[in-house]
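Reviewing the structure listed below.
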Amino acid sequence: MKIAIVKYNAGNIYSVDHALKRLGAEAIVTADKEVLMAADKVIFPGVGEAGTTMNHLRENHLDEVIKNLKQPVLGICLGMQLMCRHSEEGDAQCLDIFHTDVKLFRPTRHEDKVPHMGWNTLTNTRSELFRGFDKEEFVYFVHSFYVPLNEFTAAQTDYVLPYSSALHKDNFYATQFHPEKSGAVGERILKNFLEL
């Protein structure tokens, strides 16, 4: 199986690569359009700023490549947010795979800190990514922006308000949390993705 990780100006690529190696899977980290289109699975990771990153994707014509992929694609963290229509971060027009917008957390209570950082639970999971899940599981988050609940929500988490911690539409899957940093639960999610 050929697994490609989209190489662009956002961090976290190598921790995803290491997580796949722990599962015995080899990935190629690439910005080559032909390689991405020929892969069996594509992972679109990300840690960075939405506006700057979208500019980079457009300049390198990776925006059109990602939108037109037909195989299973997994967006992680910023990757998930960039798959939405618009982000308040940098007022960015994004890929519009998921017709929903990305908002900044606006805490109403003193104890709600932004960014949302650390372990939290997944509830209402409904996607093949969560196959074998029979209870609420803890996963690792680091983010200041969130995707509201919408028709593509595949899991939800509560922090400040209930929001989408995973999305799914057709061949596109996405997680706001970091499966590569979420221990055994994250490995199970990555394994489920590889087995799609």
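Here are a few things to note about the model shown:
- Single match in I97, I189 (criterion: in contact (Cβ under 8 Å) with a residue 12 or more places away in the chain, in contact with a Leu (Cβ under 8 Å, 6 or more places away or on another chain) and of a type in the set (V, I, T)): I189
- Number of positions in region 162-171 that are surrounded by fewer than 23 Cβ atoms within 10 Å (Cβ to Cβ) and either in a helix (DSSP H, G or I) or in contact with a strand residue (DSSP E or B) (Cβ under 8 Å, 6 or more places away or on another chain) (or both): 5
- Residue within region 59-75 that is surrounded by 15 or more Cβ atoms within 10 Å (Cβ to Cβ), under 22 Å from P179 (Cβ atoms) and of a type in the set (S, T, N, Q) present: yes
- Restricting attention to region 27-58, the residues that are open to solvent by 50 Å² or more (accessible area, probe 1.4 Å) and either part of a loop (DSSP other than H, G, I, E, B) or in contact with a helix residue (DSSP H, G or I) (Cβ under 6 Å, 6 or more places away or on another chain) (or both) add up to 5.
- If only residues of region 172-196 that are open to solvent by 30 Å² or more (accessible area, probe 1.4 Å) and of a type outside the set (D, E) are counted, the one that is farthest from F130 (Cα to Cα) is K181.
- Failed item, numbered, when E151 is tested on (1) modelled with pLDDT under 95; (2) farther than 19 Å from L196 by Cβ: (1)
- Taking residues in region 1-26 that are of a type in the set (S, T, N, Q), and partners anywhere that are in a loop (DSSP other than H, G, I, E, B), the pairs with Cβ atoms closer than 6 Å and at least 6 places apart or on different chains are N12/P45; N12/V47.
- So L23, is it of a type in the set (A, V, I, L, M, F, W, C), under 17 Å from N192 (Cβ atoms) and open to solvent by 40 Å² or more (accessible area, probe 1.4 Å): yes
- Checked against (1) outside any loop (DSSP other than H, G, I, E, B); (2) open to solvent by less than 60 Å² (accessible area, probe 1.4 Å), L95 passes all but condition (1).
- Taken over region 125-180, residues that are within 18 Å of V114 (Cβ to Cβ), of a type in the set (S, T, Y) and in contact with a helix residue (DSSP H, G or I) (Cβ under 6 Å, 6 or more places away or on another chain) amount to 1.
- Each residue in region 104-113 was checked for being open to solvent by less than 100 Å² (accessible area, probe 1.4 Å) and either within 9 Å of V160 (Cα to Cα) or modelled with pLDDT under 95 (or both), and 3 of them qualify.
- For region 144-152, the criterion of being in contact (Cβ under 8 Å) with a residue 40 or more places away in the chain, of a type outside the set (A, V, I, L, M, F, W, C), over 13 Å from F98 (Cβ atoms) and open to solvent by less than 10 Å² (accessible area, probe 1.4 Å) is satisfied by no residue at all.
- Checked against the criterion of being under 13 Å from F105 (Cα atoms) and of a type outside the set (F, W, Y), region 174-191 contains not a single residue that satisfies it.
The values are calculated or read from the model by the stated rules, or taken from the named source; none is laboratory data. Keep in mind that what you see is a predicted model, and the values were worked out from it rather than measured. FYI the Cβ positions are ideal-geometry reconstructions off the backbone, even for glycines, and counts take in every protein chain you see. We work out accessible area using only protein heavy atoms, side chains counted, and drop any ligands, DNA or RNA first. Shrake-Rupley method; radii C 1.70, N 1.55, O 1.52, S 1.80 Å.
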